[in-house]
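S.K.: Take a look at the following structure, please.
Coordinate-derived values only; no laboratory data. Here the structure is a predicted model, which is why all the values come from computation and not from measurement. So basically every Cβ, Gly included, is an ideal-geometry build from the backbone, and we count neighbours across all protein chains shown.
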Amino acid sequence: MLDSIPICDTHAHLSFRHFDSDRHDILRTIERGVLSFVVEVGIDLDNSRKCIELADSEDHVYATVGVHPHDSAKVATGKYLETMEAFVSSSRKVVAIGETGLDYYRDLSPRKVQKQVFIDQLNLASKMKLPAVVHIRDAYDDALEVLRDEAPGTKVVVHSFSGDMECAKKIINLGFYVGIGCPITYKRNDELREVVRSIPLDRILPETDSPFLPPQEMRGKRNDPVNVRYVFSMISDLKGISLEECSGILLENATSFFGIRRREA
Ligand SMILES: [Zn+2]
């Protein structure tokens, strides 16, 4: 039944080596219309270039250009903003800046550097009039403070949301969006399901973060964009509405957030 419901994935990494053996098959699945579209998210300069190449060669794949907090130390001293700006101008398929943000869980770049590179990219998003895809892990207080100060007027999605209810409310009150992925299906994730029940459906963007974070019944395996159907299904259950209605609203959220023109079903 789900096969006929339009779905989309607003956050995937199909350019990663995890997909080297079957990327082509997945792209053909997207082309056949199983997914309305996929947003391929960049994590550093080289990868952002790959994302654009992928988007330029596939009708229903869009790209973002960004430097992940893990990689911020690699770029901080260089002219990376000029490079990002040139990337954005190089293709009409670039629909957002990111992923950018703060990650204090792994702390792979010094926090001060993460913060500066995050602020720089939010300013670039504002300058280029693009939305921002934001990654936050164990850093919600600092990240929300930065977003409050640096992102007024910019559309923001906090992707793969992993905070608590209070944090979700702050994000909604700032006018931002919450990205919900397959962790919504995890047995012990009642808190996230409660968050989804409470926040407005028109502020939710569906995603997978493939190859990471597979749904409950595939834990330990590689995730792929088609599994976003588990997210659509769980959200419609939690909201107590039909899958058709839920899908219509989530697709509309995603297309208007990224300014994507959707293929006709
Ligand atoms: Zn990601």
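S.K.: Which pairs in the list LYS74/LYS187; LYS127/LYS239; LYS129/LYS169; LYS112/LYS155; LYS115/LYS187 are over 30 Å apart, alpha-carbon to alpha-carbon? Walk me through the numbers before you get to the answer.
M.R.: Working: LYS74/LYS187 37 Å; LYS127/LYS239 36 Å; LYS129/LYS169 25 Å; LYS112/LYS155 24 Å; LYS115/LYS187 33 Å.
Result: LYS74/LYS187; LYS127/LYS239; LYS115/LYS187 exceed 30 Å.
S.K.: I've got another one for you. Mind jotting down the distance between the C-alpha centroids of the stretch 150-206 and the stretch 1-79, whole Å?
M.R.: 21 Å
S.K.: Multiply the residue separation of HIS18 and THR255 by 0.36 nm, subtract the distance between their alpha-carbon atoms, and state the gained length in nm to one decimal. Walk me through the numbers on the way to the answer.
M.R.: Numbers: separation 237, 0.36 × 237 = 85.32 nm, distance 2.70 nm.
Gain in length upon complete extension: 82.6 nm.
S.K.: Under the Karplus relation 6.51 cos²θ - 1.76 cosθ + 1.60, θ = phi - 60°, what is the ordered set of whole-Hz ³J(HN,Hα) values for the stretch 110-127, x standing for Gly and Pro?
M.R.: x, 4, 4, 5, 3, 5, 5, 5, 5, 4, 4, 6, 5, 5, 5, 4, 5, 4
S.K.: Sticking with this one: Taking 0.36 nm per intervening residue step and subtracting the Cα-Cα distance, what contour gain separates ASP138 from MET165 on full extension? List each step's numbers first, then the result.
M.R.: Numbers: separation 27, 0.36 × 27 = 9.72 nm, distance 1.45 nm.
Gain on stretching ASP138 to MET165: 8.3 nm.
S.K.: Something else about it: Starting from the Cα of ARG92, step 7 Å toward the Cβ, then list every residue of the stretch 40-77 with an amide N under 20 Å from that point.
M.R.: 40, 51-65
S.K.: Relative to a virtual label point 7 Å from the Cα of TYR105 in the Cα→beta-carbon direction, which members of the stretch 208-238 show backbone nitrogen distances below 15 Å?
M.R.: Flagged as within label range: 208-215, 220.
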